[in-house]
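Below is one structure; the comments refer to it alone.
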Amino acid sequence: MAYAARDDRPADKAARYAEVETEILAVLDGEPNRTARMATVASMLADAFPAFFWTGFYVVDPDKADELVVGPYQGTLGCLRIAFGRGVCGTAARDRATQIVEDVHAFPGHIACDSRSASEIVVPVLDGSGNLIAVFDIDATEKAAFDKVDATALEQLLTRVFAA
């Protein structure tokens with residue numbers, strides 16, 4: 001079942017996220033591999049919300065603790081590496097705070113991996129010990145495609161998948 005992220009009433013969008021979360025958790029039940037978990041989350045969310053233009057993870061590089069490297073994703077070519085503090089993903093990693101950007105072209109230091117991207121949400125991903133392991137990035141071709149409903153649902157899902 002496919003859903004549009006934009007023009008939904010908040011309660012409908014929250015319900016749709018809850019449904020997709022249930023499906024993701026069922027698929028991942030018993031799967032310990034982090035890469036498999038990331039690939040599944042990216043794939044299932046990209047499929048569930050067609051407004052999501054790019055959906056995926058940037059993983060903390062184990063050899064460079066202040067740099068992200070592209071991980072499992074769905075979409076066009078992503079940036080290969082992003083330094084902490086650079087662009088929306090780097091800001092989310094540095095600050096360990098979800099970033100909702102209504103217009104990426106107005107975001108200071110935005111990294112244009114694909115010029116069609118217009119808005120973005122990036123959520124830090126923590127493991128069970130509270131260590132940053134990645135950021136989860138979703139881009140849309142429409143401005144202001146993301147809001148607090150997206151942030152709350154994604155933060156909850158990522159906690160259940162990676163910190164549990």
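Each value in this text was obtained by applying a stated rule to the coordinates, not by laboratory testing. It should be emphasised that the depicted structure is a prediction, and the values quoted were computed from it without experimental measurement. With ideal geometry, Cβ positions are generated from the backbone for all residues, glycine too; neighbour counts draw on all protein chains shown.
Values computed for the structure shown
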item: Projected label distance in nm at Thr76 and Glu23, using a 7 Å step from Cα toward the beta-carbon; result: 2.6 nm
item: Distance in nm between pseudo-label sites at His105 and Ala65 (7 Å out along the Cβ direction from Cα); result: 3.9 nm
item: Summed side-chain charge close to Phe162 - residues other than Phe162 whose Cβ falls under 10 Å, Lys, Arg +1, Asp, Glu -1; result: +2
item: Residues with amide H under 5 Å from that of Ile133, placed H, sequence gap 5 or more; result: Val125, Leu126, Asp127
item: Helical segments meeting 24 Å axial Cα length and Kyte-Doolittle 0.0 threshold in the chain (DSSP H); result: 10-28
item: Gyration tensor verdict on the chain (Cα atoms; rounded if a/c is under 1.5, prolate if a/b is larger than b/c, oblate otherwise); result: oblate
item: Peptides ranked, highest mean first, by Cβ atoms within 10 Å: ranges 137-150, 17-30; result: 137-150, 17-30
item: Of the trypsin sites (Lys or Arg not before Pro) in the stretch 29-127, those whose Cβ has at most 14 other Cβ within 10 Å and which sit in DSSP loop; result: Arg96, Arg116
item: Computed helical MRE - 222 nm, the chain, DSSP H runs ≥ 4 contributing -39500 (n - 2.57), nearest 500; result: -11500 deg cm²/dmol
item: Rough spin-label spacing in nm, given labels placed 7 Å along Cα→Cβ, for Arg96 and Lys143; result: 3.4 nm
